[in-house]
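Trainee: One structure, as structure tokens, below. Some questions next.
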2 protein chains.
Amino acid sequence: MRPDEAARLEEHGIKASAHRVAIASYVLHTDEHPSADDVWARVKQAFPMVSRATIYNTLNLFVEKGLLRHLVLTEGRLVFDSNVEKHHHFIDEGTGQIYDLPWDTLKVSRVKQIKGFDVRDYQVLLRGRKRGRKREKKSDSR
Amino acid sequence: MRPDEAARLEEHGIKASAHRVAIASYVLHTDEHPSADDVWARVKQAFPMVSRATIYNTLNLFVEKGLLRHLVLTEGRLVFDSNVEKHHHFIDEGTGQIYDLPWDTLKVSRVKQIKGFDVRDYQVLLRGRKRGRKREKKSDSR
DNA sequence: TCACAAAAGTAGATCTAGTCTAAAGTTGGA
DNA sequence: TCCAACTTTAGACTAGATCTACTTTTGTGA
Ligand SMILES: [Mn+2]
Ligand SMILES: [Mn+2]
Ligand SMILES: [Zn+2]
Ligand SMILES: [Zn+2]
């Protein structure tokens with residue numbers, strides 16, 4: 001639990017209520033790419049009085065204020081990403097887990113030369129299997 | 001309306017009923033990336049007796065048999081793609097339209113060197129605006 | 001300290017895409 | 001012609017997400 005969580009919210013123009021800090025202290029520091037209901041399940045463990053509507057309201061507010069991104073990468077899973085920097089995604093087709101790949105892991109050439117499209121943003125989306133599978137259920141970086 | 005549509009289905013191990021041919025003759029020849037309900041709306045114009053369940057059953061069957069791909073690219077839109085070859089996708093953020101980019105329009109380097117992941121498949125996903133906008137609502141290649 | 005308006009949070013209703021179920025219709029070979 | 005397998009169907013059901021109408025909390029300024 002970071003002492004500066006509330007300050008970070010205020011910096012982004014968000015009034016830092018207790019519920020919002022609770023939600024932030026999980027969702028802004030995980031690389032799990034959780035769904036809204038994943039966030040709810042996690043936050044409820046410590047703050048069982050937080051309602052589902054508040055989870056949705058808060059996550060959408062964080063997206064609007066640029067603290068989170070909304071990803072739709074795989075069937076029926078709308079997912080939140082606390083990594084708002086440019087990066088690529090790898091989806092494990094066995095587990096459904098989503099992994100971040102740093103931007104310079106890959107290089108995409110000729111984007112500028114695409115005719116007829118103004119590209120604002122892009123990423124590479126990869127699917128396959130993660131090898132190894134050590135450190136699997138490593139407890140989350142709260 | 002192609003005379004060989006039924007043959008194409010049979011080649012893929014699909015018994016060619018009238019409903020299936022009707023659905024195929026739209027969805028296997030469009031580059032619109034339609035949702036299931038888009039397909040239903042279109043097919044109903046000519047074949048109003050076809051039920052929603054049959055649309056879903058048939059589209060899922062086509063995917064299973066390799067005639068179609070299932071894409072999840074953008075919020076709340078599970079979409080079918082009759083282009084089953086490797087290619088990239090550009091999403092117009094204004095209209096929501098999805099455009100195919102041929103595989104060799106772009107080049108992605110270092111995919112093989114990614115450590116710890118077995119990549120089975122990948123594509124580049126681009127967002128922005130399509131320029132020009134001529135030939136906009138061009139009638140579909142049925 | 002109190003009044004009170006704005007902001008935050010809430011339960012439950014509603015919406016929607018997609019799946020499932022159980023029954024009816026169709027087909028084609030024996 | 002018979003019948004089993006296949007196809008199609010209406011509508012029930014599910015789950016994620018949003019909306020609505022209401023209550024609670026917060027903070028300001030008289
Ligand atoms: Mn989940
Ligand atoms: Mn649609
Ligand atoms: Zn990510
Ligand atoms: Zn495509």
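We did not get these values from a lab; they are worked out from the coordinates using the rules stated. As the structure is a prediction and not an experimental result, all values here were calculated from the model. Glycine gets a Cβ as well: all are built from the backbone with ideal geometry, and neighbour counts include every protein chain shown.
Trainee: Under 13 Å from the Cβ of A:VAL84, count the other residues' Cβ atoms, weight Lys and Arg +1, Asp and Glu -1, and hand me the total. Don't skip to the end; give the middle numbers.
Mentor: On the way: positive: A:ARG8, A:LYS65, A:ARG69, A:LYS86; negative: A:ASP31, A:GLU64, A:ASP81, A:GLU85, A:ASP100, A:ASP121.
The answer is -2.
Trainee: Which one, B:THR58, B:THR105, B:THR30, has the greatest fluctuation when you compute a Gaussian network model over chain B with C-alpha springs under 10 angstrom?
Mentor: B:THR105
Trainee: Return the Rg/Rh value of the protein assembly as shown, two decimal places, where both radii are evaluated on C-alpha atoms and Rh is the Kirkwood radius.
Mentor: Here Rg/Rh amounts to 1.02.
Trainee: List the relative contact order of the stretch A:39-102 as a percent without decimals, with contacts defined as Cα pairs under 8 Å and 6+ residues apart. List each step's numbers first, then the result.
Mentor: Values: 53 pairs, mean separation 10.8, N = 64.
RCO, the stretch A:39-102: 17 percent.
Trainee: Moving to a separate point now. What's the magnitude of the charge dipole for the stretch A:85-128 around its Cα centre, counting Lys and Arg as +1 and Asp and Glu as -1 at the beta-carbon? Answer in Debye, nearest 20.
Mentor: 360 debye
Trainee: Separate question: Of all trypsin sites (Lys or Arg not before Pro) in the stretch A:84-115, which ones are in loop regions per DSSP and have a Cβ with at most 15 other Cβ atoms within 10 Å?
Mentor: Taking the stretch A:84-115 and a limit of 15 other Cβ atoms within 10 Å, the loop trypsin sites (Lys or Arg not before Pro) found are A:LYS86, A:ARG110, A:LYS112, A:LYS115.
Trainee: Residue by residue through the stretch A:40-47, what is 3J(HN,Hα) from phi via Karplus (6.51 cos²θ - 1.76 cosθ + 1.60, θ = phi - 60°)? Round to whole Hz and write x for glycine and proline.
Mentor: Whole-Hz 3J(HN,Hα) from phi for the stretch A:40-47: 4, 4, 5, 5, 4, 3, 9, 10.
Trainee: Still on this model: Give me the compactness ratio for chain B, meaning the Cα radius of gyration over 2.2 N^0.38 Å.
Mentor: This ratio for chain B stands at 1.16.
Trainee: Dipole of the stretch A:5-79 (Lys/Arg Cβ +1, Asp/Glu Cβ -1, origin at the Cα centre): which of A:ASN57, A:LEU73, A:HIS29 lies farthest to the positive side?
Mentor: Sorting the options by dipole projection puts first A:ASN57.
Trainee: Please state the shape class of the stretch A:85-128: rounded when a/c is under 1.5, otherwise prolate if a/b exceeds b/c and oblate if not, all from the C-alpha gyration tensor.
Mentor: On the way: a/c = 2.73, a/b = 2.19, b/c = 1.25.
Since a/c reaches 1.5 and a/b is larger than b/c, the shape of the stretch A:85-128 is classed as prolate.
Trainee: Placing the label point 7 Å from Cα along the Cα-to-Cβ direction, what are the distances from A:GLN97 to the equivalent spots in the other copies, shortest first, in nm to one decimal?
Mentor: Copy-to-copy label distances at A:GLN97, shortest first: 4.0 nm.
Trainee: Give the total of Lys-Lys pairs in chain A with Cα-Cα distances below 28 Å; include a pair only if its members are 8 or more places apart or on different chains.
Mentor: Number of lysine pairs found: 18.
Trainee: Can you tell which of B:VAL108, B:VAL21, B:VAL72 shows the greatest fluctuation in a Gaussian network model of chain B with Cα springs below 10 Å?
Mentor: Largest GNM mean-square fluctuation: B:VAL108.
Trainee: Report, in debye and to the nearest 20, how large the dipole of the stretch A:5-79 comes out about its Cα centre when Lys and Arg carry +1 and Asp and Glu carry -1 on their Cβ. Intermediate values should be presented prior to the final figure.
Mentor: Details: 9 positive and 9 negative charges, 42 e Å.
The calculation lands at about 200 debye.
Trainee: I'd like the trypsin sites (Lys or Arg not before Pro) in the stretch A:41-77 restricted to DSSP loop residues with at most 14 other Cβ atoms within 10 Å, sorted by number.
Mentor: On the way: sites: A:ARG42, A:LYS44, A:ARG52, A:LYS65, A:ARG69, A:ARG77; in loops: A:LYS65.
Passing sites in the stretch A:41-77 are A:LYS65.
Trainee: Which one of A:VAL39, A:VAL27, A:VAL84 has the biggest mean-square fluctuation once chain A is modelled by GNM with Cα springs under 10 Å?
Mentor: Taking springs between Cα atoms under 10 Å, the residue moving most is A:VAL84.
Trainee: If we count GluC sites (Glu not before Pro) as exposed when they sit in a DSSP loop and have at most 11 other beta carbons within 10 Å, what is the longest stretch of chain B that avoids them all?
Mentor: Excluding the exposed sites themselves, the longest stretch runs over B:1-74.
Trainee: Further question on the same structure: Using helices alone, what [θ] at 222 nm do you get for chain A, with -39,500 (n - 2.57) per DSSP H run of 4 or more residues, divided over all residues and rounded to the nearest 500?
Mentor: Mean residue ellipticity, 222 nm, calculated: -8500 deg cm²/dmol.
Trainee: How much of the DSSP beta bridge set in chain B is antiparallel, as a percent to the nearest 5? List each step's numbers first, then the result.
Mentor: Working: 11 of 15 bridges.
Of the beta bridges lying entirely in chain B, close to 75 percent run antiparallel.
Trainee: In percent, how large is the relative contact order of chain B, given Cα pairs closer than 8 Å and 6 or more residues apart?
Mentor: On the way: 158 pairs, mean separation 31.1, N = 142.
Relative contact order comes out at 22 percent.
Trainee: Roughly how tilted is helix A:52-64, in degrees to the nearest 10 and between 0 and 90, from the longest Cα axis of chain A?
Mentor: It works out to around 50 degrees.
Trainee: I'd like the FRET efficiency for B:ALA16 and A:VAL72, computed as 1/(1 + (r/R0)^6) with the beta carbon distance as r and R0 of 35 Å, rounded to 0.05.
Mentor: Efficiency for this residue pair is about 0.55.
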